[in-house]
Every structure is written in structure tokens, then in C-alpha cells.
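See structure below.
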Amino acid sequence: METGKMFIGGEWVASSSGETREVINPYDASVICHVAEGTAEDAEHAIAAAKKAFYEDGWGDTPAYERAALLRSFADEMEANVEKLAKAETLNTGKALIESEYDVYDSANILRYYAGIVTQPTGQTYDLNDPAVHAMTVREPLGVCALIVAWNFPISLAIWKLAPALAAGNAIILKPSEITPLSAILMTEMMEKVGFPKGVVNLVMGAGVTVGNALASSLDVDKVAFTGGIVTGRKIMCAASSNVKGISLELGGKSPNIIFADADFDTAVDYGLYGMFYNQGEVCSAGSRILVEDAIYDRYLEKLIEGAKKIKIGNGFEEGVKMGPVISKQHMEKVLKYIEIGKEEGATVALGGYRMTEPEYEKGYFIAPTIFTDTTPEMRIVQEEIFGPVVVIQKFHGEEEAIQLANNTTYGLAAGIFTSDNAKALRVVKKIRAGITWINTYGPVYPEAPWGGYKQSGIGRELGTYGLDDYTEVKQININTNVCPTGWFE
Ligand code: TXE
């Protein structure tokens, strides 16, 4: 792996400052390797390379079939190297290896999905009130797209962006999180190998305030696509105003998982755990507020605690482990602080609530699965994204209160509803202000279906045809078949 270098204009290059950054394994805080720490100047070089590839070297005019073929080859390459990629991902994030493997296969499917739809019919034609004019629309790539991603799913988040961006014919600059660059380096090597032309794919690593900001504020970048936190999302929105570039923002949430008394009980408990503790709770759509109907509250809580106690926590490489450490020391401190805030606010810690310090965990950033009860809607632990293995339980009585509590945050990414009454499920789902809803399931992601949030969970949609649309401009073409002067000024 070219760990000391970035990929700009088809060449592997060191940072212009010569600096590198340590990459840390969150399982034991050991240093895995050093990677190039890019600068704003490096970002400018990458932007220039992407611009050249798109405007001068013809990538913008490449036939869709050629782009699709490259995406398919890249998908094959990812699958052929699943072990290598998944191991790098688990080493860098601490997540269970089985999750990393799943992310690789899922990403290959997304690449193939976009390879498929990009050659499908597109555009519209119009029956105008002027029959002499033939009007139609075509979709065209935006140009240069900056893709800035977070650390919780480094492979998937990059692919969700670069697959539609490249399928649509854009040139890209990928900026992984500075703390999780390893899988991005491997994927870039694969894209180089399968033959994306020089400058079409660029990789710049480094801090958000330097590299990220340079990309978001550049006058030569046509779109910035971002997954990360709300605070950074706001900064990117401001920076993007420099040239009124396109933006898409995926900013996480505080998603409700609503359990009605008539739900299939065991399924609802299982998805309560899965929706919350998958990937240590570092999931934008985590069901981090479980709303339980009063009639089953005590029994549900008891089973949830019982289930959470059974989660096998440890080294992501160990067979059977389903929960690893949180991503970094800094993030662990943030999550632990929220646990303290919850206690100070008067909520009850029904389970966990501490850093795990037994010998197996002492070097890493492990937090015990934590369940808060006796919460009130205005508490910060109920309103704010904690992004770790910490769930809050809210009790409700009846449909109306469930809806009211579910909608009572500034976020609106996802929601789950568990009930055996289909009519009720649909009534409730229609009142929920969230972009992704699941009935009697929680968490699955489908390449075909749009992903994104209402309210402060973000702007735009990823995946599906909506995801492709977000990387294109729409051009109106009008053809006059009655070629003659207007005579207006005569
Ligand atoms: O992410 P940041 P952080 C939430 C979660 C977490 C919080 C903060 O609640 O606790 O965000 O996480 C780049 N201009 N999510 O601080 O800052 C940065 O380098 C341009 C939810 O670790 O959002 C990285 O590549 N770019 C989320 C990327 O932004 C900037 C997933 C994400 O980092 C920048 C992760 C700037 N000024 C965290 N500053 C989700 N939606 O799932 C930083 N970056």
C-alpha cells in the first residue's frame, strides 16, 4: 500500500509539506502506519488535475458504456480483494471483520448498480404549445466533484459518492477522514489499476480545516458531497457558497425506533439491539431513541438489557465479535461526556455507562453498551447525536404520542416502526418527518433506494436514481423546425 502518498493527476505523490500523520488502531491505540498529510496546496493540485481530466482530456465526453465498464472492473477488483480491504478497514476502525466484508460486497453491488442505470434511457421530451419546436432535456455531468467523507464507514461512504459521481461522468477528488484513510488508499490503487484515466480520480488526505475547506470553498469545484457531523456540515455549506456549488450533506440523526405493544416482541427486541449497537452505534441512522409503548415497557426493557449484555465485544478480528471500540480517544471522550450529561440531567443508567477497562479492553477505546431510562424529551441525551453505543428509551402511550415524540428533534434521517397492524404502521409512517423509514425492520440499505434526511439531517439524497441525479445538471434543448425570422422589431 502507498501509505506515504496521495494520488493526484495519475501520480502517487507525497504531501507538499512533506508531513505525515499517524494512523491509529482504536482496538489498542497502536500506530498502524504513517500516511501523507495533505495541504490546501495539494487540494488545489488535485482540483486542477480533475478539471483538466474533465474539460481538456475528454472524460466529460466519455461514453456511458465506457464509464460503466470501468465501474464494473472496479467492483470485480474490490470483490477479488475482499480480504485485503476488509482487514484494512477493521484494523483502522476496530469494527467487526464481518461488517467490513459486508461493506465491500455491498459497495461492489452499488458500483454495478450505477454501471447498470447509467446506460438506461434518460431525459424528457415536451409537447409544447409551439408545435414547430422540439424540446427535450439531457443530463450532463457537473464537472469536478469533491467527496468528503467520515470515519464510521470509510469504504461504503466513499463508494456511495464516487459510484454515482463517476457513473455520471464527473472527475472526483476523494478526501477520506484523516483518521481512517487506509481503505481509501487501497480503493484508489484499484481504480488506478482498472484504468480510470489520469486525473479522473484523485485522493487527497489531510485535515478538514485545510484540505476539506480548500475543496469546499474552491471556485473550481462544481459540487461538494459530504457525510459527517452537523457542525462541519454547516461550515461546508458556508464554504460552498463561494461559487454557489452544488452540495449534498448527510449529517446523521437521532432516529426513533417505535415499538408498539402489538409488535412481534422478539423481533422488536432484536432490532432494538441491532438498530442501536451495530457498528458500536457509530451509524448515522442508528435507532438511538427507542420509543416503547407503555403496555410492554417493562418487559421490553428487561429483554433489551438481557440482549445487550450478551453482545460479544472485543477485537474485530476475533470470530464472533460483534462490537468493537469507538473510533478514537477524542470520540470516546465525547461519548463518555454525553453519558455524564445524561446522569446529570437525571436519567437512569439501566446498563453500562462506562469505559471498559478489563485487561482485554484497557488499551483501546471501548465503551460498554449503555441504556438510559427515565428520560424526558428535552434532555440533551435525547436531542443530540451521541454516535456511540448509547441508547435512550422513551415511554409512550398510543399513536399520537409516539408520533409527537418521534418528530421532536431537529433531525429527520430515519425511523423504525414495529407493529402487527399494517394500517397503523402506514398512518404513523406518513406522519414521521424522516427520509428513511422501516416497518418491522431497522437499518437495511438498498442501492436502489434513496438515502438522506429531512430537517437538519441534511440536503439531497444518495443511492438510487436520485443519487445519480444529484451528480448531474439538466440541460434544456429546444430545436426550432420552422426556421424563419421572428419579425418582432419590424
Ligand atoms: O466529523 P466531521 P467528526 C457526527 C457524530 C460525531 C460528530 C463529529 O455525531 O460525533 O459528527 O465527528 C472533514 N471543511 N458524525 O468531527 O468533522 C473531516 O476531515 C471541510 C455523523 O469526526 O464531520 C472528515 O473528512 N471538511 C456522521 C469529514 O469532514 C471538513 C459521521 C467528517 O468529519 C471540515 C461522522 C471543514 N471545515 C460523524 N472539518 C454521519 N452523518 O454519519 C472537518 N472536515
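The values are calculated or read from the model by the stated rules, or taken from the named source; none is laboratory data. Values in this document were obtained by computation on a predicted structure and should not be read as measured data. With ideal geometry, Cβ positions are generated from the backbone for all residues, glycine too; neighbour counts draw on all protein chains shown. To get the accessible areas, we keep the full protein, side chains included, count just its heavy atoms, and leave off ligands, DNA and RNA. Shrake-Rupley method; radii C 1.70, N 1.55, O 1.52, S 1.80 Å.
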Report the charge-dipole magnitude of segment 314-373 in Debye, nearest 20, computed about the Cα centre from +1 at each Lys and Arg Cβ and -1 at each Asp and Glu Cβ.
-> 180 debye
Taking Cα atoms only, helix 182-194 is inclined relative to the longest principal axis of the chain by an angle, in degrees rounded to 10, of 30 degrees
Among 284, 320, 346 - extreme Cα towards positive end, dipole of segment 283-352, charges at beta-carbon | 320
Compute the acute angle (0 to 90°) between the alpha-carbon long axis of helix 265-277 and the principal axis of greatest extent of the alpha-carbon atoms of the chain; round to the nearest 10°.
-> 60 degrees
In segment 314-415 the accessible area split gives carbon plus sulfur, as whole percent at 1.4 Å, a share of 48 percent
What relative contact order, as a whole-number percentage, does the chain give when Cα pairs under 8 Å and 6 or more residues apart are counted?
-> 18 percent
So which GluC sites (Glu not before Pro) in segment 356-401 are both in a DSSP loop and have at most 15 other Cβ atoms within 10 Å of their Cβ?
-> 360, 362, 378
Compute the long axis of helix 297-309 from its Cα atoms, compare it with the longest principal axis of the Cα atoms of the chain, and write down the angle in degrees, 0 to 90, nearest 10.
-> 80 degrees
Ranking by accessible area, most exposed first, for 90, 210 with a 1.4 Å probe = 210, 90
Using the Cα gyration tensor of the chain, with a ≥ b ≥ c the square roots of its eigenvalues, what is the shape: rounded (a/c below 1.5), prolate (a/b larger than b/c) or oblate (neither)?
-> oblate
How large, in percent, is the carbon and sulfur part of the accessible surface of segment 199-239 at a probe radius of 1.4 Å?
-> 67 percent
Counting as exposed only chymotrypsin sites (Phe, Trp or Tyr not before Pro) in DSSP loop states with no more than 11 other Cβ atoms inside 10 Å, the longest exposed-site-free span of the chain is 1-487
Considering only 436, 407, 391, whose Cα is most displaced toward the positive end of the charge dipole of the chain, charges sitting on Cβ of Lys, Arg (+1) and Asp, Glu (-1)?
-> 407
Pairs to check: 175/337; 161/198; 310/431; 312/431. Give those whose C-alpha atoms are more than 25 Å from each other in this structure.
-> 175/337; 310/431; 312/431
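Calculate, for the chain, the solvent-accessible area per residue in square angstrom, rolling a 1.4 angstrom probe over the heavy atoms of the protein chains.
In whole numbers, the chain has 42 Å² accessible per residue.
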What fraction of the DSSP beta bridges in the chain is antiparallel, stated in percent and rounded to the nearest 5?
-> 45 percent
Cα centroid separation - segment 424-487 against segment 182-203, whole Å = 28 Å
Treating only the Cβ atoms of Lys and Arg (+1) and Asp and Glu (-1) as charged, compute the dipole magnitude of the chain about its Cα centre; round to the nearest 20 debye.
-> 460 debye
With +1 at each Lys and Arg Cβ and -1 at each Asp and Glu Cβ, the charge dipole magnitude of segment 1-146 around its Cα centre, to the nearest 20 debye, comes out at 180 debye
Counting only protein heavy atoms and leaving out ligands, DNA and RNA, the solvent-accessible surface of residue 262 at a 1.4 Å probe, in Å² to the nearest 10, equals 60 Å²
Once you sort the root eigenvalues of the Cα gyration tensor of segment 1-88 as a ≥ b ≥ c, which label holds: rounded (a/c under 1.5), prolate (a/b larger than b/c) or oblate (the other case)?
-> oblate
